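Colleague: Below you'll find the structure I mean.
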Amino acid sequence: MKVEIDIFSGYKIYPSRGRLFIFRFSTSKTESLFHQRKNPRKIAWTVVYRRMHKKGITEEVAKKRSRKTVKHQRGIVGADLTAIAAKRNQTAQVRAQQRQTAISKAKAEKKEKESKKPKAPRPAGVAGGAKVSKQQAKGGRGGR
């Protein structure tokens, strides 16, 4: 027994049933709607519409469970997890104190470095620290 399918509605057409007009139609209703160029996806009782809108699927009632994201704490390149946790638990005052000591230490090192470096002599031809443009320093005729 050959069961055909209605081209418009998607219903099964059993032998000696339906109509044939190039395509098979189960009823004159589907044939008429087809000739009116109606879209079966927009007609609620057609199989195509029901598939598109996920109607009548009783087997897949159980919804898929979504996994909850789990937060993990990991160390960063410069510090391991224990160091990060210790820093997080510090009070604001301790942090401010550490910042101040670090700044003062950096300033002291900079001062020491400056004192060790010999002062560069001023270029010849500059009297009293007058500003010189790049062009003048090269010997050009700038500054008119």
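The values are calculated or read from the model by the stated rules, or taken from the named source; none is laboratory data. Just so we're clear, the structure is a prediction, and the values are computed from it rather than from any experiment. In this analysis, Cβ positions are derived from the backbone assuming ideal geometry, glycine residues included, and neighbour counts consider all displayed protein chains.
Colleague: Would you tally the residues in the stretch 12-51 being surrounded by 14 or more Cβ atoms within 10 Å (Cβ to Cβ), in a strand (DSSP E or B) and not hydrophobic (A, V, I, L, M, F, W, C)?
Modeller: Qualifying residue count, the stretch 12-51: 2.
Colleague: Does Phe25 satisfy the criteria of being in contact with a helix residue (DSSP H, G or I) (Cβ under 8 Å, 6 or more places away or on another chain), within 30 Å of Met1 (Cβ to Cβ) and at pLDDT below 85?
Modeller: no
Colleague: Only one of these is modelled with pLDDT of 85 or more and over 30 Å from the mean Cα position of the chain (by Cα): Ala44, Ala62, Ala83. Name it.
Modeller: So the residue among Ala44, Ala62, Ala83 that is modelled with pLDDT of 85 or more and over 30 Å from the mean Cα position of the chain (by Cα) is Ala44.
Colleague: May I ask you to say which residue of Ile103, Ile57, Ile7, Ile84 is touching a residue at least 24 places away in the same chain (Cβ under 8 Å) and either part of a loop (DSSP other than H, G, I, E, B) or among the aliphatic types (A, V, I, L, M) (or both)?
Modeller: Of Ile103, Ile57, Ile7, Ile84, the one residue that is touching a residue at least 24 places away in the same chain (Cβ under 8 Å) and either part of a loop (DSSP other than H, G, I, E, B) or among the aliphatic types (A, V, I, L, M) (or both) is Ile7.
Colleague: From the list Gly75, Gly56, which one is exposed (fewer than 10 other Cβ atoms within 10 Å of the Cβ) and touching a helix residue (DSSP H, G or I) at 6+ places or on another chain (Cβ under 6 Å)? So that I can check it myself, show each step before the final result.
Modeller: Numbers: Gly75 fails: exposed (fewer than 10 other Cβ atoms within 10 Å of the Cβ).
Within the list Gly75, Gly56, the selection yields Gly56.
Colleague: Exactly one condition in (1) at pLDDT below 80; (2) surrounded by 10 or more Cβ atoms within 10 Å (Cβ to Cβ); (3) out of contact with any helix residue (DSSP H, G or I) (no Cβ under 8 Å at 6 or more places or on another chain); (4) of a type outside the set (Val, Ile, Thr) is not met by Ala127; state its number.
Modeller: Failing condition for Ala127: (2).
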